[in-house]
Amino acid sequence: MRVDDPAWQPENWHKERKPLVAAWRQLTLPAQLALNWPEVARLKALENHFKGERVFLLGNGPSLGEQALHRLSGEHVACVNMGLRMLDQGVPHATFHIMSGINRFRRFGEEIEADVIRHDIPWRFYRLRLKGTWAQLPNKGRRPHFVPRRAGTLLTTGFQERAWQGVGSDATVLLFAAQVLYFLGFKAVYVMGCDLSYSGTDHYFYAMGEKDYAHEQDPKVVAARASMVRANAQFAIAGKAFDAAGRTLANAGHGGNLDSIPRVDFDGLF
């Protein structure tokens, strides 16, 4: 998918790219919930479990290297995708690991599980479609809570307050994570390292290897990168949902292109 594809133009953002697929997912959501009820019920029991607390949601952008990450030692920290690598590069710990992409998990699942075990990550939230891949891995860390998939995006079906009823697919895993963290009851979610830029050789704060570069060249990954142009619009919707509930979704990062939610001074939060 090219960035200049009509599907990514602003006038088409509220249209489903694959309307028949979206309609099918909407119709089959009740069956998905029923067939996976033990997982759904396990997730549902956590609603508002962290009510009133705050969490720092870390993207993997290079800008993280510009911030005093040691300040996070006494805070709830949520890492996404390959972000557990950052625990060896300045991030002191992680309370949560949140994962959305099946392609990445298929490639890096063994590494992720090794990191989960090594760093003793207490809370994990993964899309339900990752469950089969996770179950087949030889060595596994603490069992994730699996989140059903709902049709659409923030632009087409809106913000999902109850993750157990399904969360849609948006431009970045950070939006999936923001909806999960809202469901868990967090009063404030501070986003960091969401640069919304994939220019340059190294796209991430953590070091990349040959396997990472191969992953970045996958056509499906390239297509997903195109949807970054919609990320600010989707964050704006998420921000309004937080604001309407008297909560905060803010950008505590340095630089980058995430401008649709309020920016706050990271050091001033301590």
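Readers should treat all values here as calculations from the given coordinates under stated rules, not as data from a laboratory. Only a predicted model underlies this, so the values are computations on that prediction, with no experimental measurement involved. Counting neighbours? That spans all protein chains shown, and the Cβs are built from the backbone with ideal geometry, glycine included.
A few points about this structure:
- Which of T157, T133 has the fewest Cβ neighbours within 10 Å, and the rest in rising order: T133, T157
- Order of D259, D265 under a 10 Å beta carbon neighbour criterion, fewest first: D265, D259
- Sequence of I261, I102, I117 once ranked by neighbouring C-beta atoms within 10 Å, starting from the fewest: I117, I102, I261
- 5 Å-binned pair-distance histogram of the range 46-178 (Cα, whole percent): 2, 10, 20, 23, 20, 15, 8, 2
- Normalised by 2.2 N^0.38 Å, with N the number of residues, the alpha-carbon radius of gyration of the range 122-199 equals 1.19.
- Relative to its residue count, the range 74-133 spans a Cα convex hull of 75 Å³ per residue.
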